[in-house]
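What follows is a single structure, written as structure tokens, with notes after it.
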Ligand code: GLU
């Protein structure tokens, strides 16, 4: 007891002495100011190879045994994917790759594909089209909501809910659905800088069970919002969701946005620079389903997740982050994916809203 008291007194003197040295009031030493100081220090620290590697390793070690969440099972094949897969890849705009874990393990891209098809539509038809025809607002309702369409006068609200994504697919310029699929796939290959594989098992599993998406496409068609046959567009959409990606692929795809639309590995421009902030804005608004606000609040970054367990986060001008880990939280976002990406963004002082 005595020792404890002595320890406390000692501690109090140290705190008092520090305050005197700092010349500040006790209030000034509290939370927000300290956080601010730390953020500034972090932002000023250069993003060196050593720092990136250290933080990446920390994130991996910290979350590799996190067993939270559960694989998606409403698409049966997704329940079969190994829940232990955990890969993290960071790619800088000059094409340097930092990665750890199962960075070659592939999962179906699912909802993350919506980003690339929306990017293709904005590239072909411009920003007014995307905003007016599809929308750029959050729905506040689940990603596959039919009610959201009815509540908003037949508008899908944004290209990252299923309605808006199927709509985007339908508006990709092509003479038929075969060519439309080819263009969508080629576009994703360009972002990844390689030919991505197609996951037949996931496709077969979903295409026989996508009645709700078919219903959404028909409803949008009834409102005159589809650019091509609704059921054909739903099939192409299901195909785009069944493309395989690894954390490595997602890292490069993210870095293409971070690098203002030029793939840093191949050097190919895949999106006009002026459209990059538009797509990132929609990712910030609606990328992580109904939890997009919390994610933005935490990290300040545009991101997109998919029910296959992938997550893509972008620090504009600085970093593309790809994480793969199939178990999802109740919103449909990868548990370890979010934790690892948020940790890395925080520890490297990369929150874009704090720059
Ligand atoms: N293909 C999935 C669906 O339409 C994508 C869902 C997602 O990743 O959010 O349900």
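The values are calculated or read from the model by the stated rules, or taken from the named source; none is laboratory data. If you're wondering where the values come from, they're calculated on a predicted model, not measured in any experiment. Cβ placement follows ideal geometry from the backbone for every residue including glycine, while neighbour counts extend to all protein chains displayed.
Determine, yes or no, whether residue 265 is out of contact with any strand residue (DSSP E or B) (no Cβ under 7 Å at 6 or more places or on another chain) and outside any loop (DSSP other than H, G, I, E, B). Here the answer is no, as residue 265 does not meet what is asked. Counting only residues that are out of contact with any strand residue (DSSP E or B) (no Cβ under 7 Å at 6 or more places or on another chain) and not in a helix (DSSP H, G or I), which one in region 333-355 is modelled with the lowest pLDDT? Here the answer is 355. Taking region 2-114 and the helices (runs of 4 or more DSSP H) fully enclosed by it, the elements with 3 or more residues that are within 28 Å of residue 194 (Cα to Cα), modelled with pLDDT of 95 or more and under 20 Å from the mean Cα position of the chain (by Cα) are at 49-63. In region 269-301, the residue that is surrounded by the fewest Cβ atoms within 10 Å (Cβ to Cβ) out of those that are outside any helix (DSSP H, G or I) and in contact with a strand residue (DSSP E or B) (Cβ under 8 Å, 6 or more places away or on another chain) is 269. Return a yes/no flag: does region 236-255 have any residue that is within 13 Å of the ligand (Cβ to nearest atom) and farther than 29 Å from residue 147 by Cα. Taking every residue of region 236-255 in turn, at least one turns out to be within 13 Å of the ligand (Cβ to nearest atom) and farther than 29 Å from residue 147 by Cα.
The residues of region 202-219 that are within 14 Å of the ligand (Cβ to nearest atom) and touching a residue at least 40 places away in the same chain (Cβ under 8 Å), listed by number, are 202, 204, 205, 206, 209, 212, 213, 215, 216, 217.
Only a single criterion out of (1) touching a residue at least 24 places away in the same chain (Cβ under 8 Å); (2) within 19 Å of residue 244 (Cα to Cα) is not satisfied by residue 170, namely (2).
In region 81-92, the residue that is surrounded by the fewest Cβ atoms within 10 Å (Cβ to Cβ) out of those that are in contact with a helix residue (DSSP H, G or I) (Cβ under 8 Å, 6 or more places away or on another chain) and over 10 Å from residue 325 (Cβ atoms) is 92.
Residues of region 134-145 that are part of a loop (DSSP other than H, G, I, E, B), more than 13 Å from the ligand (Cβ to nearest atom) and modelled with pLDDT of 90 or more: 135, 136, 137, 138. Taken together, the residues in region 155-178 that are closer than 15 Å to residue 215 by Cα, more than 11 Å from the ligand (Cβ to nearest atom) and surrounded by 24 or more Cβ atoms within 10 Å (Cβ to Cβ) amount to 4.
Just one of the listed residues (234, 256, 238) is crowded, with 18+ Cβ neighbours inside 10 Å, outside any strand (DSSP E or B) and without any contact (Cβ under 8 Å) to a residue 60 or more places away in the chain, and it is 238. Of the numbered criteria (1) closer than 13 Å to residue 135 by Cα; (2) at pLDDT below 95, the one residue 162 fails is (2).
Among the residues making up region 137-149, a single one is free of Cβ contacts under 8 Å to residues at least 24 places away in the same chain and over 17 Å from residue 331 (Cβ atoms): 147. Exactly one residue among 122, 149 is away from the ligand (no atom under 14 Å from the Cβ), in a helix (DSSP H, G or I), modelled with pLDDT under 95 and surrounded by 19 or more Cβ atoms within 10 Å (Cβ to Cβ), and that residue is 149. Only a single item in (1) within 13 Å of the ligand (Cβ to nearest atom); (2) surrounded by fewer than 19 Cβ atoms within 10 Å (Cβ to Cβ) is not met by residue 95, and it is number (1).
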